1. Could you check how many residues of the stretch 121-174 are part of a strand (DSSP E or B) and in contact with a helix residue (DSSP H, G or I) (Cβ under 7 Å, 6 or more places away or on another chain)?
2. Looking at (1) out of contact with any helix residue (DSSP H, G or I) (no Cβ under 7 Å at 6 or more places or on another chain); (2) modelled with pLDDT under 95, which is the one condition that is false for GLU112?
3. Can you tell me which residue is nearest to LYS200 (Cα to Cα) among those in the stretch 15-45 that are of a type in the set (S, T, N, Q) and within 27 Å of the chain's Cα centre (by Cα)?
4. Being charged (D, E, K, R) and over 27 Å from LYS60 (Cα atoms), is that true of even one residue in the stretch 204-226?
5. Which numbered condition trips up THR150, out of (1) at positive phi; (2) free of Cβ contacts under 8 Å to residues at least 60 places away in the same chain?
6. Given the criteria free of Cβ contacts under 8 Å to residues at least 24 places away in the same chain and surrounded by fewer than 19 Cβ atoms within 10 Å (Cβ to Cβ), does TYR239 qualify?
7. Does the stretch 219-226 contain any residue that is surrounded by fewer than 18 Cβ atoms within 10 Å (Cβ to Cβ), touching a helix residue (DSSP H, G or I) at 6+ places or on another chain (Cβ under 7 Å) and β-branched (Val, Ile, Thr)?
8. Inspect all residues belonging to the stretch 98-106 and state whether any of them is surrounded by fewer than 17 Cβ atoms within 10 Å (Cβ to Cβ), of a type in the set (Val, Ile, Thr) and more than 13 Å from the chain's Cα centre (by Cα).
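The values are calculated or read from the model by the stated rules, or taken from the named source; none is laboratory data. None of the values given here were measured: they were computed from a predicted structure. Cβ: placed from backbone, ideal geometry, glycine included. Neighbour counts: every protein chain shown. Each accessible area value is taken on the protein alone, full model and side chains, heavy atoms only, with ligands, DNA and RNA left out. Shrake-Rupley method; radii C 1.70, N 1.55, O 1.52, S 1.80 Å.
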Amino acid sequence: MSDYIKITEQPSNYNALETMSSKDLLLGINNEDQKIAEAVKYIIPSITKLVDSIVECYKKGGRLFYIGAGTSGRLGILDASEIPPTFGVIDRVIGIIAGGDKAIRNAVENAEDNLQQAWRDLEEFNITNNDVVVGIAASGTTPYVIGGVTMANEKGLLTACITNNPGSPLAKSVAIPLEINVGPEFVTGSTRMKSGTSQKMVLNMISTALMIKAGRVEGNKMVNMQLSNIKLVDRGTRYLVQELQINYNEAKAILEKYGSVKKAIEAFKKNV
């Protein structure tokens, strides 16, 4: 794994950070952050290919799995955990982190170095050939992630990765590599910064596009969101006011009766 140059480990474009004012530090970080969106834009053709492939698997009953360690693993779990409340879809997008749930908050020593553990973790979900496994690793060298996608390949699953080092061992181990070259980090090697931000952006794109293609959005509204708090009930009510041209109180009563924006719209239009 040492026969290629890790862009994420290259020296920062800035030096003597400890001597810089707070404003200059923030301007420097912001200047680096502005490079991220362009780097993501550059790989949209690859993201498109992955989304279309995931949609095909999803329509056959498949699920989307993210596997990662450290920051990358946490970002996968974050994206997966937001799917149920946002789109009302349970257990179809799943995040797995090396070291288990404990690792979400605390580093688990050596968890990312086990080549076999990711597949063991995936097997707990009764993996099928319709499932998709996306490995996330800024370095592109994490054994946990490489081992997981390699075994998934052998079992006939579609595999992909999100990495910030083009040509990495991870990128070479999957069917669809997403290689985001954001350049060196502001703090040398701190991949929770630009690399992590780029991963979050791409995860948002993948899962949001998937849910839209799966029919969980209508127009531009989250009509299947879970009504789990006052804010979301209010949002759903306002959706109904706009869509059905009725007053707020009537919309709220219909929403509470049917339990979702989509069901409320269907029932209202059926009874008109």
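1. Number satisfying all stated conditions: 10.
2. Going through (1) out of contact with any helix residue (DSSP H, G or I) (no Cβ under 7 Å at 6 or more places or on another chain); (2) modelled with pLDDT under 95 one by one, GLU112 breaks only (1).
3. GLN34
4. No: the stretch 204-226 contains no residue that is charged (D, E, K, R) and over 27 Å from LYS60 (Cα atoms).
5. Checking THR150 against (1) at positive phi; (2) free of Cβ contacts under 8 Å to residues at least 60 places away in the same chain, the one that fails is (1).
6. no
7. No, there is no match, as no residue in the stretch 219-226 is surrounded by fewer than 18 Cβ atoms within 10 Å (Cβ to Cβ), touching a helix residue (DSSP H, G or I) at 6+ places or on another chain (Cβ under 7 Å) and β-branched (Val, Ile, Thr).
8. Among the residues of the stretch 98-106, at least one is surrounded by fewer than 17 Cβ atoms within 10 Å (Cβ to Cβ), of a type in the set (Val, Ile, Thr) and more than 13 Å from the chain's Cα centre (by Cα), which makes the answer yes.
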